[in-house]
1. Does any residue of region 98-111 turn out to be surrounded by 19 or more Cβ atoms within 10 Å (Cβ to Cβ) and more than 20 Å from V28 (Cβ to Cβ)?
2. In region 229-257, how many are within 16 Å of Y214 (Cβ to Cβ) and assigned to a strand (DSSP E or B)?
3. Quick check: anything in region 79-94 β-branched (V, I, T), assigned to a loop (DSSP other than H, G, I, E, B) and touching a strand residue (DSSP E or B) at 6+ places or on another chain (Cβ under 6 Å)?
4. Give the residues of region 54-66 that are in contact (Cβ under 8 Å) with a residue 60 or more places away in the chain and surrounded by fewer than 17 Cβ atoms within 10 Å (Cβ to Cβ), sorted by residue number.
5. Restricting to region 238-248, what's the tally of residues that are out of contact with any helix residue (DSSP H, G or I) (no Cβ under 9 Å at 6 or more places or on another chain) and modelled with pLDDT of 95 or more?
Amino acid sequence: MTSEKEIPSGDVPELDGWIGRSQTQDDVIDDARARRLQATLDDPFPPLEPGDALPPLWHWAYFWEQTRNSALGPDGLAIGTGMLPPVELPRIMWAGSRISFPTLLRLGAAATRRSTILRISEKQGRSGRLCFLTLRHEVLQQDQLCVDEEMDVVYREAAGALETSPEGQQAPSQADWSREVTPDPVLLFRYSALTWNSHRIHYDRDYVTGREGYPGLIVHGPLLATLMLNQLRYHLPEARVTGFTFAARRPVFDASAFTVAGACEGNAAAVWVADSDGMLAMDGSASFEP
């Protein structure tokens with residue numbers, strides 16, 4: 001999660017063996033988990049039932065990795081044992097994704113996710129060394145591709161004594177809809193539990209402030225992205241999202257409220273998150289069928 005100007009410095013030879021690494025996971029897109037996510041997100045629609053379509057981005061609550069506690073790193077992540085290679089940089093963030101939704105995922109049926117590491121590259125930014133990892137996730141149900149996602153993860157150096165927030169830009173001032181969200185540890189805990197996310201930056205205040213140098217608990221990037229598409233869903237309940245791209249610009253912390261907003265133009269929508277200072281924290285673009 002960075003808006004710095006990076007200077008390419010080539011691939012990472014010691015990690016080349018990870019490129020092309022893949023794994024396949026099976027899960028059932030159960031309605032119980034979807035309803036718990038509805039409750040966590042204060043979703044206003046009727047409870048989801050078997051056969052209903054899973055809302056876009058809610059697939060992140062499935063396909064949990066069964067990593068033993070003893071295999072987790074000090075930050076709570078499985079480094080070097082799952083799909084995250086052992087990069088020697090201590091801070092990890094989900095930087096963004098490019099996703100298409102060719103077919104609806106249906107509740108109550110089995111599904112398969114194929115994951116592949118596409119790229120690993122190193123760059124030099126103003127805050128130091130960066131390493132970028134790109135994964136592809138394909139979710140299939142009854143042999144039909146339902147979700148096709150390229151996910152970017154960034155590894156960063158430890159916080160410096162003089163580190164400041166990334167430079168950014170003001171969020172758009174004109175919106176067709178907006179919602180203010182006040183994050184709290186309960187929301188972050190429940191979303192972490194539903195996505196099987198043990199990264200301590202989202203629930204361990206002593207760790208995230210003392211070890212990683214952030215001012216508070218960090219609101220999950222995928223939670224922000226889900227809230228952006230949920231607002232589009234509330235505004236246009238009959239629309240079917242066919243594609244979505246988003247990028248994290250600066251972290252959002254639990255100390256103050258943030259705003260989720262968007263605006264439509266034809267069969268596309270610009271969506272964004274503004275932090276408490278009105279700065280752009282995440283932005284995205286969704287395409288949909290009316």
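The values are calculated or read from the model by the stated rules, or taken from the named source; none is laboratory data. Quantities reported herein were computed from a predicted structural model and do not represent experimental measurements. Note that each Cβ is placed from the backbone with ideal geometry, even for glycine, and that neighbours are counted across all protein chains shown.
1. Yes - at least one qualifying residue is present in region 98-111.
2. Within region 229-257, residues that are within 16 Å of Y214 (Cβ to Cβ) and assigned to a strand (DSSP E or B) number 2.
3. For region 79-94, residues β-branched (V, I, T), assigned to a loop (DSSP other than H, G, I, E, B) and touching a strand residue (DSSP E or B) at 6+ places or on another chain (Cβ under 6 Å): present.
4. W64, E65
5. Final tally of qualifying residues: 5.
Table: residues versus (1) at pLDDT below 95; (2) assigned to a strand (DSSP E or B); (3) farther than 23 Å from D152 by Cα.
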position	(1), (2), (3)
A225	no, no, no
A263	no, yes, yes
A270	no, yes, no
M282	no, yes, no
